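Here's the structure we're looking at; comments come further down.
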Amino acid sequence: MHPMLNIAIRAARKAGNHIAKSLEKTDSIHVSSKGLNDLVTNIDKEAEAIIIETIKASYPDHCFAGEELGLAEGRDKECQWIIDPLDGTANFVRGLPHYAVSIALKMRGRMEVACVYDPMRNELFTATRGQGAQLNSQRIRASQPRDLTGTIIATGFPFKAKQHSESYINILGSVFADCADVRRAGSAALDLCYVAAGRVDGFFEFGLKPWDIAAGDLIAREAGAIVTDFSGNTNYLASGNIVCGNARVVKPLLSKIRAHGNEGMLK
Ligand code: 2AM
Ligand code: CA
């Protein structure tokens, strides 16, 4: 195994165990608001500190970009860890057992290793560039539908950008008309991993942050899915607008997004 993936897994499991343990004493969980419809808890912050401490013990010179603690520059500018300590915080604070720790390493501008750990199901999704994707060490592959017929498509609602609700609902209506059904589970990292595992056939969402999708992106691509932004290009980490699935799913999703999306969301 890639030594850096090994460290990522160690950090993700430690953070995941901390999150799971916190459920045993719920009065130790303190929720605060970062902005409109955007929650954070002390557990998110503690989990991120655990991840950074674990990685730093092996790679003290690397750089870090985390959802809660922000940027930390190191001497080695070629290696940056992109961390979401708890993707799905809104689920976590309500006791909905669907969230994950997400860790990716970007090396010289490319995702090199990634892991997403779901502590509720003890599911570990991993990938190393060029070496495929795994769920609990078993190889996973994205599904290969011929078009949207019969597919289940995951998505997320624009909870932070409600001015785009109407366009979003029009896109969703058009997708729903052609696929079998839709899921909105609340963790973009797990949505991408579920595409990788063939549990859903496609995923689209807009306005995400790099830490929500950095690890899931590599895992989905290594499982044979394609990942694009709303223009069909690869600028999704910067724009936060993402479409994922096999080519025959991504193509109709993109054309529906372009047909019904407004200009403000089509970046
Ligand atoms: P987070 O839990 O790390 O913030 C799904 O729509 C994505 O949006 C998740 O990856 C989640 O990441 C983020 N998100 C933030 N606030 C949310 C909310 N109120 N409801 C759903 N998702 C939210
Ligand atoms: Ca997140």
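Assorted remarks:
- From phi via Karplus (6.51, -1.76, 1.60), per-residue ³J(HN,Hα) for the range 60-71 in Hz, x at Gly/Pro: x, 9, 6, 9, 9, 10, x, 4, 9, 9, x, 8
- Sparse-neighbour loop sites [trypsin sites (Lys or Arg not before Pro); the range 2-86; at most 14 other C-beta within 10 Å; DSSP]: K25, R75, K77
- Residue among G74, I29, N262 farthest towards the positive dipole end of the chain, charges placed on Cβ: N262
- Divide the volume of the convex hull around the Cα atoms of the chain by the residue count and you get 116 Å³ per residue.
- FRET efficiency estimate (nearest 0.05) - Cβ-Cβ, E78 to K160, R0 22 angstrom: 0.10
- Carbon and sulfur %, accessible surface of the range 152-260 computed with the full protein complex present, 1.4 Å: 52 percent
- The range 171-267: GluC sites (Glu not before Pro) in DSSP coil with no more than 14 other Cβ atoms inside 10 Å: none
- The simple Förster model, with R0 at 30 Å and r as the Cβ-Cβ distance, assigns M1 and K25 a FRET efficiency of 0.30.
- Placing pseudo-labels 7 Å out from each Cα toward the beta carbon at K209 and L39 gives an inter-label distance of 1.6 nm.
- For the chain, a crude dipole built from +1 on the beta carbon of Lys and Arg and -1 on the beta carbon of Asp and Glu, taken about the Cα centre, is about 480 debye to the nearest 20.
- Applying 1/(1 + (r/R0)^6) with r as the Cβ-Cβ distance of R10 and A180 and R0 = 35 angstrom yields a FRET efficiency of 0.35.
- The figure for I52 is an accessible area of roughly 30 square angstrom, using a 1.4 Å probe on the protein chains alone.
- Counting Lys and Arg as +1 and Asp and Glu as -1 over every other residue whose Cβ lies under 12 Å from the Cβ of M107, the net charge comes to +2.
- If you run the Gaussian network model on the chain, springs between alpha carbon atoms under 10 Å, then out of G216, G198, G109 the most flexible one is G109.
- D_trans [Stokes-Einstein, Kirkwood Rh over alpha-carbon pairs] for the range 152-260, 4 °C, 1.567 mPa s, µm² s⁻¹: 97 µm²/s
- Each peptide among 145-156, 114-125 gets the average number of other Cβ atoms lying within 10 Å of its residues, and from highest to lowest they stand as 114-125, 145-156.
- Geometric extent, Cα atoms of the range 3-140 - Rg, Dmax (angstrom): 14.8, 44
The values are calculated or read from the model by the stated rules, or taken from the named source; none is laboratory data. Keep in mind the model is a prediction, meaning the values are calculated, not measured. Neighbour counts run over all protein chains shown; Cβ positions are idealised from the backbone, glycine included. When the accessible area is computed, the model is the full protein with side chains, heavy atoms only, and any ligands, DNA or RNA have been set aside. Shrake-Rupley method; radii C 1.70, N 1.55, O 1.52, S 1.80 Å.
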